[in-house]
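This report refers to the structure that appears directly beneath it.
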Amino acid sequence: MKKIYLYGNWKMNMNQEETEGFYKDFGQQVVSSPALLGVMGKSLETAVFPPFTSLAAAEGASKNIDKRAVPFLGAQNTYFEAKGAFTGEVSISMLKNLGCTHVIIGHSERRTIFGESDDLIAKKVKACLDAALVPVFCFGETLAEREGNKTFDVVSRQLRAALSGRSPGEAEKIVYAYEPVWAIGTGKSATSDEAQEVCAHSKKLIRDLTGSAEMPVVVLYGGSVKPDNAKELLSMDAIDGALVGGASLKADSFLQIYKAYAGIE
Ligand code: PEP
């Protein structure tokens, strides 16, 4: 069975107590299931992305559970400058200081609600790579773009912008997340064929852009992934895992996504 990446984007949810509760539940569920414990860190890689204010609680709580359960911690955003007069922003070194290994860059909510441009997002991707923080780079089309047959143009533009000037070695360190905007938080997932088509296109483009045909590329799908559609989506060969919003807020539903895929009771 292929390795699955299961990443949870908590968005603006989960205070410190709720974060500690999640880790406790998650740790208990993992250690009480030999089948799950056996795959943790091998065929299943998990990470959660709490809000900034819960990162320290998450880092602390992770030390009280089996370290294979949630080995990676990420933030939902960062700024590309190292320090200075950028009110409201959080730097990469601040995130690393809190134990972060990953950071989501270019989530559609950052692009659409907060006006983040391809150019700004590309600067953030570069800064993360320079600092050895894994960027989880999100891209995807809106409903109007899909209905206007612009999906491939849009995702290609977003990927080209993020990878401009990046070496094959750098491109390989990025985790890519195809998240069609119309599927995020709407309960309406892309079909497995729709997701497969764009993820396969993206993998090919990433390899073409870097000139490295054999480069391993990790592409997640995100957009209303739930236990009941997980098996179909995660079984597609161009999809390496899921970036999960709503269903990642409870340890049970988050783990059920992998269990449904792997056929674990
Ligand atoms: C997300 O926030 O990246 C996401 C995919 O959300 P949801 O799973 O709730 O659609």
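The values are calculated or read from the model by the stated rules, or taken from the named source; none is laboratory data. What you are looking at is a predicted structure, and each value in this text was computed from that prediction instead of being measured. As a convention, Cβ positions derive from the backbone with ideal geometry for all residues, glycine included, and neighbour counts pool all protein chains shown. These area figures cover heavy atoms from the full protein model, side chains too; ligands, DNA and RNA do not enter into them. Shrake-Rupley method; radii C 1.70, N 1.55, O 1.52, S 1.80 Å.
Miscellaneous remarks
- Accessible carbon and sulfur surface of region 117-233 relative to its total accessible area, %, 1.4 Å: 52 percent
- Near ALA75, the amide H atoms lying under 5 Å from its own belong to HIS102, VAL103, ILE104; only residues 5 or more places off or on other chains count, and H is placed 1.01 Å from N.
- Accessible-area ranking of PHE114, PHE26, largest first, probe 1.4 Å: PHE114, PHE26
- Gaussian network model of the chain, Cα within-10 Å springs - most flexible of VAL175, VAL70, VAL39: VAL39
- Taken per residue, the accessible surface of the chain reaches 44 Å², heavy atoms only and a 1.4 Å probe.
- Among GLU89, GLU81, GLU59, residue whose mean-square fluctuation peaks in a GNM of the chain (springs only between Cα atoms under 10 Å): GLU89
- Gyration tensor analysis over the Cα atoms of region 108-238 returns equivalent ellipsoid semi-axes of 23, 17, 14 Å (largest first, whole Å).
- Counting 0.36 nm for each residue step from ASP208 to ALA35 and taking away their Cα separation leaves a gain of 58.5 nm.
- Over all distinct Cα-Cα pairs of region 19-106, the Kirkwood formula returns a hydrodynamic radius of 13.9 Å.
- Charges were assigned to the Cβ only: +1 to each Lys and Arg, -1 to each Asp and Glu. The resulting dipole of the chain about its Cα centre is roughly 460 debye.
- The per residue volume of the convex hull around the alpha-carbon atoms of the chain is 117 Å³.
- Separation in nanometres of the label points that stand 7 Å from Cα toward Cβ, at LYS250 and LYS173: 3.8 nm
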